[in-house]
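Only one structure is covered here, and it is reproduced in the block below.
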Amino acid sequence: MVEENTSALLDALIDPAILVDSERQVVAANKPARALLGEFQPGSDLSMMLRHPAALHAVDAVLAGAPCSDATFTQAAPVHLVFELHVANLPSRNSDGARAFCLLRDVTAAREAERIRADFVANVSHELRSPLSSLIGFIETLQGPAREDAEAQARFLGIMDGEAKRMARLVNDLLSLSRVEAGEHIPPPGAVDPSKLLAEILKSVSARADDKGMTIDLELPPDPPQVAGDADELTEVFHNLIDNAVKYGRTGSQVKIKVTRHTRIPDVGDPGIAIAITNQGEVIEPEQLPRLTERFYRIDKGRSRDMGGTGLGLAIVKHIVNHHRGRLIIDSDVEQGNTFTVFLPF
């Protein structure tokens, strides 16, 4: 029989906790443990709740006399989770018969953060290695075999200029991403008129659209309202999205930009506006949509690099939108096209 104080103490813990006796039978489990592993019958073996060999081995080690033991295991369903288990030996004088205390901690987010950081470093290294290798190779060639070849020098210097500018774009995007992330927790001050901001951006991208025979249609509501935000950051968001819409849209097609009022922003609940940018490009597969805002994720890596992309644009967009307490939603449909909608509160 579990003492009342022991039961209350277990339920006060926010992490799943279980007590077992010397036979590995469950004496007590708190609410988080029951929610995670299911209800239990007093006296049932721990393996009925925790079906992971590494975890059970750690418990057996403590019951065999070890002062403590740890284990890490994963739970695949209904979602992938990673847990760390700490098992501690309890004094044998406990009246409830408990001999081991098992504490589980969900470390999924921490492990994912570690993976993202490792991937980020690997991606940055990869993105810089290629142009640096090219520059080093061309410099060696210009210093050696092409020293007196004016035609080769002009060709190589042109390629070197492109590679250097590619690295500069990557560094600038990394700095932008770092700056936005550092201040993401602080809501931006000021107010922005989206109609004026979009009109200015259209002036800068119209030449690219004309070169592809594309038209850009801007639809505004009567009396478009201002939104809370930073003009420079929002300019970066919509310049990126509109430029991408032109860049990846089909030649001769149309880019539509529609601004509408919304009484409730998805997942936020506050009133605001939605700015939807739609192009007629290649359909994006459903499984790729959630990954578009990941750093360095590209659907077509070769095409993106050829067009000057760094793979960081949509990651920057996502973080700026989060900074503004808004939402970014991406849809792709054969008939409707690819739509990037930014919701911003008033």
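The values are calculated or read from the model by the stated rules, or taken from the named source; none is laboratory data. Nothing here was measured: the structure is a model prediction, and the numbers come from that model. Quick reminder, even Gly has a Cβ in these numbers, built from the backbone with ideal geometry, and neighbours come from all protein chains shown. Remember, those area values only see protein heavy atoms, side chains included, never the ligands or the DNA or RNA. Shrake-Rupley method; radii C 1.70, N 1.55, O 1.52, S 1.80 Å.
Brief remarks follow.
- Reachable lysines, given that their alpha-carbon falls under 18 Å from the alpha-carbon of LYS203 and they are not under 8 places away in the same chain: LYS212, LYS247, LYS256, LYS258
- Dividing the summed -39500 (n - 2.57) terms of all DSSP H runs of n ≥ 4 by the residue count of the chain sets its mean residue ellipticity at 222 nm at -14500 deg cm²/dmol.
- Rounded accessible area per residue of the chain, 1.4 Å, Å²: 54 Å²
- The apolar share of the surface of the chain, taken as the fraction of accessible area on carbon and sulfur atoms (1.4 Å probe, ligands and nucleic acids excluded), comes to 53 percent.
- Local electrostatic count at LEU37 - Lys and Arg +1, Asp and Glu -1, tallied over other residues with Cβ under 12 Å: +2
- Spatially proximal aspartates and glutamates relative to LYS196 (Cα-Cα < 16 Å; intrachain offsets below 8 disregarded): ASP217, GLU219, ASP223, ASP230, ASP232, GLU233, GLU236
- Acute angle (nearest 10 degrees) that the helix 194-211 long axis makes with the longest principal axis of the chain, alpha-carbon atoms: 60 degrees
- For VAL107, residues with placed amide H under 5 Å, excluding near neighbours: VAL82, PHE83, GLU84
- Cα centroid separation, the range 82-157 to the range 170-219 (Å): 30 Å
- Averaging Cα coordinates gives a centre for the range 29-60 and one for the range 228-269; these two points are 49 Å apart.
- Summing Lys and Arg as +1 and Asp and Glu as -1 over all other residues whose Cβ lies under 14 Å from the Cβ of GLN280 gives a net charge of -1.
- Under Stokes-Einstein, with the Kirkwood radius over Cα pairs as Rh, the value for the chain at 37 °C and 0.692 mPa s is 132 µm²/s.
- Integer Hz, Karplus 6.51/-1.76/1.60 couplings in order for the range 134-148, x for Gly and Pro: 4, 4, 4, x, 5, 4, 4, 5, 5, 7, x, x, 9, 4, 10
- Amide H partners (placed H, <5 Å) of VAL255, local residues excluded: THR215, ILE216, ASP217
- The convex hull of the Cα atoms of the range 231-346, projected and averaged over all directions, covers 7.2 nm².
- Hz values of 3J(HN,Hα) by residue in the range 12-17 - Karplus curve (6.51, -1.76, 1.60), Gly and Pro given as x: 6, 6, 7, 8, x, 9
- The chain, dipole about Cα centre (Lys/Arg Cβ +1, Asp/Glu Cβ -1), debye to the nearest 20: 380 debye
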